[in-house]
1. Does region 3-14 include one or more residues that are outside any loop (DSSP other than H, G, I, E, B) and either out of contact with any strand residue (DSSP E or B) (no Cβ under 7 Å at 6 or more places or on another chain) or more than 21 Å from residue 152 (Cα to Cα) (or both)?
2. Output yes when any residue across region 67-77 is outside any loop (DSSP other than H, G, I, E, B) and charged (D, E, K, R), and no when none is.
3. Quick one: which residue in 297, 331, 260 is in the same structural domain as residue 192 (by TED's automatic domain parsing), out of contact with any Phe, Trp or Tyr (no Cβ under 9 Å at 6 or more places or on another chain) and touching a residue at least 60 places away in the same chain (Cβ under 8 Å)?
4. Would you point out the residue of region 90-118, among those that are in contact (Cβ under 8 Å) with a residue 60 or more places away in the chain and among the small types (Gly, Ala, Ser), that is surrounded by the most Cβ atoms within 10 Å (Cβ to Cβ)?
5. Please find, among 217, 204, 268, the residue that is assigned by TED's automatic domain parsing to the domain that holds residue 307 and touching a helix residue (DSSP H, G or I) at 6+ places or on another chain (Cβ under 8 Å).
6. How many of the residues making up region 43-64 are assigned to a helix (DSSP H, G or I) and loosely packed, with under 13 Cβ neighbours inside 10 Å?
7. Among the residues of region 228-241, are any of a type outside the set (Ser, Thr, Tyr) and within 14 Å of residue 184 (Cβ to Cβ)?
8. State all residues of region 315-325 that are in contact with a helix residue (DSSP H, G or I) (Cβ under 6 Å, 6 or more places away or on another chain) and part of a helix (DSSP H, G or I); if no residue qualifies, say none.
Amino acid sequence: MAPVTWRTPPRKYGPWEQVCANLADGLAERGHEVYLFATGDSVTRARLEFICPAPLGEHPELPSRPWELIHIGFALERADRLELDVLHNHMNYLTLPFARLIRTPVVTTLHGAALLEADSRAAYRQFPDMPYISISYAEREGCPELNYIANVYNGIRLEQFDFVDRPGEYLLFIGRICPDKGTDLAVELARRTGLPLVIAGLVPGGDEAFFEEKIRPWIDDKQIRFVGEVGPVERNRLMGGALALLHLVRAPEPFGLVMAEAMACGTPVIGFGRGSVPEVVEHGRTGFVVSNLDEAAACVGRLSDIHRRDCRERVERLFTVERMVAGYEEAYRSLLSSPVNPSV
């Protein structure tokens, strides 16, 4: 059960939807009978089931909360009617109050909400015994009391990311343009080092003032360039051509798919050591895990110490679709073999 904010897979932004797309296709490729509950325009190797016709993020005329609940109700009813072995929830806590009303076991992957949002933590703590899967060990710090049956890192399709063995000439920021993601800190680091910076991403609703006050004044299309949201092809090109990806987050990072994507292209990451960053980036080998901008600026001068092939090999070893799918298969088996299923 994927979110319905964006298409699965997303046309541009949509990390949760991207993970769901990779997982559904990966499970189908391994011979499982897979049903994907997503928007009606989704593209998948699984069997698409939908009631929400289009992505809510692209159609403001569709009120989000009603359609999210309609989508959840549809998925729960269909899962029970189809007698599915497992329903895998990627809709945050919204599914939990209804999960025990069906016979199908429901397992929930946490995508950061319990780590980052007080309201989400309060909801999850009402259902501590239900089965959960974390996407990093750091993510569990938000709600350590939950019933974690596995930790499964997010995985990417390596064929979508071309390895580039030559260092680029610009720094890169890709992600939501907001204070938590540290877009303004990326601008400050570029100004300190004198290096060009490319900013790619979505300005979320509510963060327009941040963009106008902290980012736009520095955009000159020379040193600081803003290219907006990018799709898979342009994302691959930007990542492969970068000297480093900047991930100077203010909030704990639950996983950080963009870090794995950059390393798949051979591009090292400079990131603050919050949340999962030290799990994803191997300090001194695939990038640098730092504490402040002074350390980050010093590490820019050490980027020549990083071998881009090491970045790619770390992703090949830990963060591929194949590794993710195998991890979820093991988690499903563990859930189904449990003598007491807390979701029923």
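The values are calculated or read from the model by the stated rules, or taken from the named source; none is laboratory data. Only a predicted model underlies this, so the values are computations on that prediction, with no experimental measurement involved. Note that we place each Cβ from the backbone using ideal geometry, even for glycine, and neighbour counts take in every protein chain shown.
1. We begin by selecting, within region 3-14, every residue outside any loop (DSSP other than H, G, I, E, B); these are none.
Within region 3-14, not a single residue is outside any loop (DSSP other than H, G, I, E, B) and either out of contact with any strand residue (DSSP E or B) (no Cβ under 7 Å at 6 or more places or on another chain) or more than 21 Å from residue 152 (Cα to Cα) (or both).
2. Yes; the residues of region 67-77 include at least one that is outside any loop (DSSP other than H, G, I, E, B) and charged (D, E, K, R).
3. Working: 331 fails: in the same structural domain as residue 192 (by TED's automatic domain parsing); 260 fails: out of contact with any Phe, Trp or Tyr (no Cβ under 9 Å at 6 or more places or on another chain).
That would be 297, the only listed residue that is in the same structural domain as residue 192 (by TED's automatic domain parsing), out of contact with any Phe, Trp or Tyr (no Cβ under 9 Å at 6 or more places or on another chain) and touching a residue at least 60 places away in the same chain (Cβ under 8 Å).
4. In this case the residue turns out to be 112.
5. Details: 217 fails: touching a helix residue (DSSP H, G or I) at 6+ places or on another chain (Cβ under 8 Å); 204 fails: touching a helix residue (DSSP H, G or I) at 6+ places or on another chain (Cβ under 8 Å).
On inspection, the qualifying residue turns out to be 268.
6. 0
7. Filtering region 228-241 down to residues of a type outside the set (Ser, Thr, Tyr) leaves 228-241.
Filter once more, so that each one left must be within 14 Å of residue 184 (Cβ to Cβ): none.
For region 228-241, residues of a type outside the set (Ser, Thr, Tyr) and within 14 Å of residue 184 (Cβ to Cβ): absent.
8. Passing the criteria: 315, 321, 325.
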